[in-house]
1. Please go through the range 132-146 and give me each residue that is surrounded by fewer than 20 Cβ atoms within 10 Å (Cβ to Cβ) and in a loop (DSSP other than H, G, I, E, B), ordered by number.
2. If you scan the range 48-71, which residues turn out to be crowded, with 16+ Cβ neighbours inside 10 Å and either hydrophobic (A, V, I, L, M, F, W, C) or closer than 14 Å to K166 by Cβ (or both)?
3. Please determine, by comparing only the residues of the range 158-182 that are in contact (Cβ under 8 Å) with a residue 12 or more places away in the chain, more than 14 Å from H204 (Cβ to Cβ) and surrounded by fewer than 20 Cβ atoms within 10 Å (Cβ to Cβ), which one is farthest from the chain's Cα centre (by Cα).
4. List the number of the failed condition for A235; all other conditions in (1) of a type in the set (G, A, S); (2) at pLDDT below 95; (3) out of contact with any strand residue (DSSP E or B) (no Cβ under 7 Å at 6 or more places or on another chain); (4) under 25 Å from S95 (Cβ atoms) hold.
5. Of everything in the range 190-245, what is of a type in the set (G, A, S), surrounded by fewer than 20 Cβ atoms within 10 Å (Cβ to Cβ) and closer than 25 Å to L15 by Cα? Give them in sequence order.
Amino acid sequence: MKPAAGLTALLVDGLTVRFGSFRAIDDLSLAIDYGEVRAVIGPNGAGKTTLLDVISGITRPKEGRVLFDGALDVTRQSESAIARAGIRRKFQKPSVFEGLSVRQHIAIGADTGFRGGLDGPALEDRVGEVLDTVGLAEQAERMAGALSHGQKQWLEIGMVLASDPKVLMLDEPVAGLTDEETERTARLVRALRRPDRAIVVVEHDMDFVERIADRVTVLHEGRTLCEGSMEKVRADAAVIDVYLGR
């Protein structure tokens, strides 16, 4: 059964991550629902990327848990098990195989995800669908190394999208993009929104965040400083003081 919009995709409960004496995340709790695009913003060192690292299995917390689908505690799972369960992530810097074509990248994403086992016509159909979605159909036979920075960002989004994830995490998807590429990426993210998918975006471009996010969580020193609409966040005095006013 597919999850319905409004049900919790990720429940972060009392999460604490320490690096030596530094608390990157400090007793953090929040819930991200299916059907929403959630932006996580805040100053450098607020804990944004660390949160994604915990959810994707790269970093183990000192305390707390992260429940996926209300049952699976991802803090006790390997990176591969988390990916197979349906949580996929695009990292800050695009990481592509320069000697492989765009089509081959998407095929790898489709065949290694939790939809794994696709082959023949089914795999071809999935690859074609994703290429159309991310706007790279005309670039399908080009080598990834020949793509622009923006195209590489869309290619990596396509690779994680190809597995049809339940939770899609995008870490700074418009870093280094032109205004036109940023607008195109905003349209893409909104197009990926589905009742049975949660999208989590970490980003510093506030205009982009305003265009894509249903809700915004502001982190500061590893804790939630404010949460709500972008309008509420922009008007919050504490957020202005520690982040937006800088």
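The values are calculated or read from the model by the stated rules, or taken from the named source; none is laboratory data. This one's a predicted model, so the numbers in the text were calculated from it and none came from an experiment. Neighbour counts are summed over all protein chains in view; Cβ atoms, including those assigned to glycine, are modelled from backbone coordinates with ideal geometry.
1. Step one: filter the range 132-146 for residues surrounded by fewer than 20 Cβ atoms within 10 Å (Cβ to Cβ), giving 132-133, 135, 137-138, 140-143, 145-146.
Selection gives G135, A140, E141, R142.
2. Matches in the range 48-71: L51, L52, V54, I55, S56, V66, L67, F68, D69.
3. Filtering the range 158-182 for residues in contact (Cβ under 8 Å) with a residue 12 or more places away in the chain gives 158-178, 181-182.
The next check asks that each one be more than 14 Å from H204 (Cβ to Cβ); those that pass are 158-169, 178, 181.
Add one more test, that the residue is surrounded by fewer than 20 Cβ atoms within 10 Å (Cβ to Cβ), and what stays is 178, 181.
Working: T178: 20, E181: 18 Å.
It comes out as T178.
4. The failed condition is (4).
5. Here is the first cut: in the range 190-245, the ones of a type in the set (G, A, S) are 191, 198, 213, 222, 228-229, 235, 237-238, 245.
From the residues that got through so far, the ones that are surrounded by fewer than 20 Cβ atoms within 10 Å (Cβ to Cβ) too are 191, 228-229, 235, 237-238, 245.
Result: G228, S229, A238.
Residue by residue, here is whether (1) of a type in the set (G, A, S); (2) part of a strand (DSSP E or B); (3) at positive phi; (4) modelled with pLDDT of 90 or more holds:
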residue: R88; (1), (2), (3), (4): no, yes, no, yes
residue: Q92; (1), (2), (3), (4): no, no, no, no
residue: S95; (1), (2), (3), (4): yes, no, no, no
residue: Q104; (1), (2), (3), (4): no, no, no, yes
residue: A107; (1), (2), (3), (4): yes, no, no, yes
residue: A110; (1), (2), (3), (4): yes, no, no, no
residue: G116; (1), (2), (3), (4): yes, no, no, no
residue: E129; (1), (2), (3), (4): no, no, no, yes
